[in-house]
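Pasting a structure below so you can have a look.
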Amino acid sequence: MKYISTRGGAAPVNFEGALLAGLAPDGGLYMPESWPRIPADEARRIGGLPYAQAATEILALFAGESFTKEELAAMTAEAYGTFTDDRVAPLVKLAPEDWMLELFHGPTLAFKDFAMQILGRLFDAALERRDRRLTIIAATSGDTGSAAIEALKSCSRVNVVVLHPEGRVSAVQQRMMTSVIAPNVMNIAVKGSFDDCQAIVKTLFADEAFVRDVRLSGVNSINWARLAAQTVYYFTAWAQIADGDEAVNFVVPTGNFGDVFAGYAAKRMGLPIAKLGVAANANDILHRAIAYGDYTPASVKPTASPSMDIQVASNFERLLFEAKNRDANALRHVMEDFAAKKGMKIDEETLIAIREDFVSDAVSMEETLAEIARHYKETGELIDPHTAVGRAAAMRLRQMGALDGKIVTLSTAHPAKFPEAVEEATGKSPALPASYADLFDRPEEMERAPADPQEVKALIRGAFGN
Ligand SMILES: *Cc1c(COP(=O)(O)O)cnc(C)c1O
């Protein structure tokens with residue numbers, strides 16, 4: 001399988017090349033040259049396997065030329081062996097046609113572990129083979145950072161730099177990052193928003209000399225390997241609830257459009273998915289884009305679901321590429337225009353294509369807290385604010401008739417990762433799992449920087465430059 005850039009200006013690479021590069025050199029995102037096909041009966045077989053085995057089968061379709069099935073099997077066994085629930089991604093039934101897919105049983109209690117635990121192992125193997133080192137940089141709205149640090153801290157060939165917006169991640173999220181003190185780990189608190197952090201990362205990647213000197217690569221959800229890993233739980237969830245080749249809906253709390261794009265990839269691979277519901281919080285650019293064709297970033301509003309406090313959703317470019325029938329030239333113009341005008345009106349034809357697969361909703365802060373409270377009252381269980389955004393959207397989309405039939409809402413984080421919001425909504429404080437009981441007693445270490453790429457570069461060069 002070869003990977004091509006959405007902007008058409010970079011040579012195709014294999015899976016390992018896309019893994020190590022992150023972003024394509026022309027500023028585009030890598031996409032599989034064609035979608036691997038899994039017919040419904042094969043989806044049922046794969047989706048019914050134990051999780052790690054299902055992951056091996058699906059990753060082999062994307063990575064088969066770079067890693068053998070045996071290598072992948074060893075990696076998936078280790079990666080998903082770090083999860084505390086044997087089912088890895090358990091599905092919980094809430095109502096006759098409603099389920100919640102729990103994606104928070106990994107080492108840092110959010111769904112980012114599904115991809116990152118695999119990514120760390122893929123990186124180690126690829127770098128070992130090439131006898132190389134890399135500096136991985138990630139901008140995080142909270143969960144990517146902790147998942148990346150946890151997965152990469154013991155990689156001997158990887159340095160990891162994580163930029164988070166100072167004061168805009170939850171205390172638990174921050175501690176999970178900054179209390180990992182290792183010579184190859186650097187946390188930088190940036191005075192600004194997640195979008196500022198993401199913009200700095202983009203600027204750093206555009207500096208060829210810097211990229212070469214520190215051997216920079218990325219693990220944000222622009223990295224195709226992450227999305228490939230995230231397609232797996234759509235298959236395992238579908239296989240548990242679908243009758244025959246019945247199509248099922250998924251509602252996904254969305255920020256950078258990575259997780260829901262993995263669902264789209266699963267659908268393109270042949271998994272019977274009816275609609276994908278994009279659930280946004282008050283940062284509703286994706287809802288405005290899908291509902292009204294208006295992809296114009298507003299300023300970022302801090303909410304109770306900080307991992308979705310994003311306006312410029314990197315992976316949306318991948319969807320535009322598909323919706324424009326993979327016309328890289330057209331897409332390059334659109335993205336250049338977007339950069340110049342700081343906004344985009346999506347044309348009718350593209351919008352129609354998008355709406356074949358997606359519906360959307362935006363959920364306010366009040367509605368998020370009300371949903372946490374409602375869910376607790378009805379089930380006695382606490383859910384995290386990101387999950388609550390998904391559930392509130394799922395129920396409203398069903399009510400409106402935008403979704404019907406079976407709906408699986410992705411539960412993307414453990415409630416204890418966001419105790420402030422959960423307590424505000426219910427009066428109950430969710431307990432951290434035992435492995436994190438002493439989190440707030442652990443020493444912290446981080447750098448601070450203004451939202452200025454030059455200052456961030458200087459810090460990274462100082463630590464990891466030649
Ligand atoms: C990252 C994250 C999201 C958003 O996922 P995207 O892939 O960025 O759309 C939602 N919920 C939680 C808890 C997250 O960590």
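Quick check on my link table: of Lys2/Lys153; Lys301/Lys457; Lys2/Lys341; Lys301/Lys345, which ones sit more than 25 Å apart, alpha carbon to alpha carbon? Each step should come with its number before you reach the end.
On the way: Lys2/Lys153 30 Å; Lys301/Lys457 27 Å; Lys2/Lys341 33 Å; Lys301/Lys345 22 Å.
Long pairs (Cα-Cα over 25 Å): Lys2/Lys153; Lys301/Lys457; Lys2/Lys341.
Continuing with this model, one more query. Give the lysines whose C-alpha is closer than 24 Å to that of Lys428, dropping any in the same chain fewer than 8 places away, or say none.
Cross-link targets: Lys93, Lys377, Lys417.
Among Gly255, Ala280, Val92, which residue has its Cα positioned farthest towards the positive end of the charge dipole of the chain, with +1 placed on the Cβ of Lys and Arg, -1 on the Cβ of Asp and Glu, and the dipole taken about the Cα centre?
Gly255
Next question. Please work out the ratio of the alpha-carbon Rg of the range 219-332 to 2.2 N^0.38 Å and round it to two decimals. Write down the numbers at each step before the final one.
Values: Rg = 14.7 Å, N = 114, 2.2 N^0.38 = 13.3 Å.
In units of the 2.2 N^0.38 Å rule of thumb, it is 1.10.
Could you give the C-alpha radius of gyration of the range 124-173 expressed as a fraction of 2.2 N^0.38 Å, taking N as the number of residues it contains? Spell out each step's value before the answer.
Working: Rg = 12.6 Å, N = 50, 2.2 N^0.38 = 9.7 Å.
Cα-based Rg divided by the globular estimate yields 1.29.
For the range 213-272, restrict the atom set to alpha-carbon positions and state the Rg and Dmax in Å.
Over the range 213-272's Cα set, Rg and Dmax evaluate to 14.0, 54 Å.
Continuing with this model, one more query. Taking the Cα centre of the range 34-168 as origin, work out the dipole magnitude from +1 charges on Lys and Arg Cβ and -1 charges on Asp and Glu Cβ, in debye rounded to 20.
On the way: 15 positive and 19 negative charges, 82 e Å.
For this selection, approximately 400 debye.
Still on this structure: Need one number: the % of Cα-Cα pairs in the chain sitting beyond the 37 Å mark.
Counting pairs separated by more than 37 Å, the tail of P(r) holds 18 percent.
Output needed: percent of Cα pairs per 10 Å distance bin for the range 78-119, bins running from 0 to the one holding the longest distance.
All Cα pairs considered, the percentages come to 32, 46, 18, 4.
Rank Thr178, His164, Ile222 by how far each Cα sits towards the positive end of the charge dipole of the range 140-229 (+1 on Lys, Arg Cβ; -1 on Asp, Glu Cβ) and give me just the farthest.
Final value for the positive-end residue is Thr178.
Hey, can you list the DSSP H helices of the chain whose Cα span along the axis is 20 Å or longer and whose average Kyte-Doolittle score is at least -1.0?
Details: long enough: 112-130 (27 Å, -0.16); 365-379 (21 Å, -0.97); 385-399 (21 Å, -0.39).
Qualifying helices: 112-130, 365-379, 385-399.
How big is the range 1-94 by the Kirkwood estimate over distinct Cα pairs, in Å? Could you put the intermediate results ahead of the total?
Values: mean 1/r = 0.0668 Å⁻¹.
Over the range 1-94, the inverse of the mean reciprocal pair distance is 15.0 Å.
Sticking with this one: Assigning unit charges at the beta carbon (Lys, Arg +1; Asp, Glu -1) and nothing else, what dipole magnitude in debye, to the nearest 20, does the chain show about its Cα centre?
Numbers: 48 positive and 62 negative charges, 139 e Å.
Approximately 660 debye in magnitude.
Tell me the Kirkwood hydrodynamic radius of the range 327-466 in angstroms, computed as one over the mean inverse distance between distinct C-alpha pairs.
On the way: mean 1/r = 0.0509 Å⁻¹.
Taking the inverse mean of 1/r over all distinct Cα pairs, the range 327-466 comes out at 19.6 Å.
Considering only C-alpha atoms, what is the centroid distance from the range 433-466 to the range 262-293, in Å?
33 Å
Coordinate-derived values only; no laboratory data. The shown structure was predicted, so the numbers you read here are calculated from the model rather than taken from an experiment. In this analysis, Cβ positions are derived from the backbone assuming ideal geometry, glycine residues included, and neighbour counts consider all displayed protein chains.
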